[in-house]
1. Can you sort C32, C181, C157 from fewest to most other Cβ atoms within 10 Å of each residue's own Cβ?
2. Under a plain spin-label model, where a point goes 7 Å from the Cα along Cα-to-Cβ, how far apart in nm are Y18 and R205?
3. If the viscosity is 1.567 mPa s and the temperature 4 °C, what Stokes-Einstein diffusion coefficient in µm²/s follows for the chain when Rh is the Kirkwood radius over Cα pairs?
4. When only C-alpha pairs under 8 Å and at least 6 residues apart count, what is the relative contact order of the range 6-179, in percent?
5. Quick check: residue separation of E258 and K183 times 0.36 nm, minus the Cα distance between them. What number comes out in nm?
6. Which ³J(HN,Hα) values in Hz, rounded to whole numbers, follow from the phi angles of the range 254-262 under the Karplus curve 6.51 cos²θ - 1.76 cosθ + 1.60, where θ = phi - 60° and Gly and Pro get x?
7. Just to confirm the filter: which GluC sites (Glu not before Pro) across the range 176-228 are DSSP coil and have at most 11 other Cβ within 10 angstrom of their Cβ?
8. On a C-alpha basis, how far is the centre of the range 251-276 from the centre of the range 288-330 in Å? Whole number, if you could?
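Computed from the coordinates by the stated procedures, all read-outs in this text should not be read as laboratory data. Since this is a predicted model, take the numbers as computed values, not measurements. Quick reminder, even Gly has a Cβ in these numbers, built from the backbone with ideal geometry, and neighbours come from all protein chains shown.
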Amino acid sequence: MLQGKTILLGVTGGIAAYKAAYLASALHKQGCIVHVLMTQNATNFINPITFESLTGNKCLVDTFDRNFEFQVEHVSLAKAADLCLIAPATANVIAKMAHGLADDMLTTTVLACQCKKLVSPAMNTRMYENPITQDNLDILRKYGFTIIEPSSGYLACGDTGAGKFPDPEVILEYVYQELACEKDMAGLHVLVTAGPTQESIDPVRYITNHSTGKMGYALAQNAARRGATVTLVTGPTSLKPPAFVDVVPVTTAQEMFEAVTSRSDAQDIIVKAAAVADYRPSCVYEDKMKKHDGDSSLPLERTADILQYLGEHRHPGQFLCGFSMETQNMLENSRKKLAKKHVDMMVANNLKVAGAGFGTDTNIVTLITANSEAELPQLSKEETAARIFDQILEMQSQAHA
C-alpha cells in the first residue's frame, strides 16, 4: 500500500517524541523509505540511534553535519519526499514553520519541501489553546498543511485537556489517506451501505443475519482513500468506523431506507453492500413475549426494497451497484436482480463457497453487468473493494466517452 514511498518524519522536542518511534517502525514495515529529522531538543527525549535502528537510515539533526553524501542534504531529501510528517510538533516549531524560519535541519527541509505536509501538534493545553498558536496553525492550513487535531486527556504536565498526542494509529490513517491510493475518485460523491439490520420482535429479541459489515466498510475506506466524498450508512457492527468517512448508524431496514433515500440524490455512485432484512415482525411487542407450551408463529411483513427504489428513482448518470448473496443458481438469480432492480452492476457471491460470504476476511465475487461477467479470484475484502471500484470507474469512463 505504501511500498517505496519516501516519508520525512520530523520529530520535535516534546514528551511525546518517544511515540514517534512507533510511527517510524510502522511506516518502515509498510515498505516506506523513512528519513527521520530531529530537532536538537528532541534528542533529549529519545536517542537518534533508536530511529536509525528502526528505519535503516541516518537520523539527521545537524544541518552542517559533514558525514553525508556530497549533496545539499535538506534539498535532496525535500525533492525525494512523497510526504512530510511532523509528529509531534511543538508550539515552537509550528511557529517557525508558519513564518518560514529555517534555523535547523528539520525546519530547513520542511521549507524546501513541495510535497504534502502533515502536522500533529502536541503540547500543554494552554499553549495549544493560546490564540498565537491557533493563529499559527491557521497560517499553516492556509499554506496547504494538514493539521491532525490533538486528542484530549491527561497530559504529562498534569493538566487535562486538548493537546495530547493522538493515538499513532490515527496519524497513520492520515498517511494512508494521502499516499495509499491515487485520487482517481476525487470530486465524486459515494454512498455505501454495510452490515446487517435488526428488526425487533420485543424489547429483548430481534431478527437479524450474520453480516459483519466488513465488505461494506472496505468499500467505504477504499473510496475515501481514492479521494471520494463518502457516506457510509451502516447497520450495527463491531467494526471501527473508517477514517475520513461520514458514518450514519442505523438499526432497522426502514431506518436504512430513510437514511439512503434522503441522501441518494446527491450521490454519483451508490453501492448497496448491506444485508438488509427482507421481512420484519408485523407487530413489535411492548413487553417480553413469554414462552408457552406448544408451537408459536410470528407474523412477518415485507420491508421496503431499497435497491429497487433507487433503481426506479435514480438521476441521470448515477451509478448503482448491488450485492447478491446466493446459495444456489448464483449467476442466474443475480442476473434477474440486475434487470429487475434497474442497476448497473451486481456483485454476486455464493455463501457456500469457502473464502466468501459473511464474517470472512476474504471474498470471491463475480461482477455482473448487462454485457459481461467477470469472476474475481479469492482476494482480501480490501482488494475486492478496489477491484469493484476499478470496474465502476471503467464503466463510467466508457459511458462518458
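1. Working: C32 23, C181 19, C157 13.
So the ranking, lowest neighbour count to highest, is C157, C181, C32.
2. The two pseudo-label positions are separated by 5.4 nm.
3. Numbers: Rh = 24.0 Å.
Calculated translational D: 54 µm²/s.
4. Working: 332 pairs, mean separation 38.2, N = 174.
Reported relative contact order: 22 percent.
5. Details: separation 75, 0.36 × 75 = 27.00 nm, distance 3.02 nm.
Result for the pair: 24.0 nm of gain on full extension.
6. Rounded to whole hertz, the list is 5, 4, 5, 4, 5, 5, 6, 5, 6.
7. Details: sites: E178, E182, E199; in loops: E182.
Answer by residue number: E182.
8. Taking the Cα centre of the range 288-330 as reference, the centre of the range 251-276 is 13 Å away.
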